[in-house]
Amino acid sequence: MSLEQQIDQDYIQAMKARDTARSSALSFLRSQIKYARIELRTEHVEDKEVIAVIKKQIKLLHRHLIITGKSKTRPLPFYHHPIGIKNNRFNFI
């Protein structure tokens with residue numbers, strides 16, 4: 001089962017359970033995955049593209065929290081960050 005299918009199933013379960021926070025987050029994630037599918041001009045998105053979409057959204061949320069002052073952590077320098085980017089690839093440190 002691909003990540004995209006798992007996210008779709010989790011979304012359906014959240015809707016059935018009337019879990020608004022979870023269903024809202026998964027709905028937003030599903031829309032971003034569909035947007036990536038349109039950008040890539042493909043019918044199916046591979047797991048690595050789904051992971052890239054998730055990481056991008058986490059990074060944007062973290063940046064927003066720092067800018068608005070609602071983050072309880074400070075941004076880490078690039079070399080201390082658990083996910084580094086070299087040559088357009090994510091590296092886990």
Hey, any hits in segment 29-48 for a residue that's open to solvent by 90 Å² or more (accessible area, probe 1.4 Å) and among the hydroxyl-bearing types (Ser, Thr, Tyr)? yes
Residue count, segment 1-28, condition modelled with pLDDT under 90 and open to solvent by less than 50 Å² (accessible area, probe 1.4 Å), comes to 1
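The values are calculated or read from the model by the stated rules, or taken from the named source; none is laboratory data. Just so we're clear, the structure is a prediction, and the values are computed from it rather than from any experiment. Please note that ligands, DNA and RNA were not included when accessible areas were found on the heavy atoms of the full protein model with its side chains. Shrake-Rupley method; radii C 1.70, N 1.55, O 1.52, S 1.80 Å.
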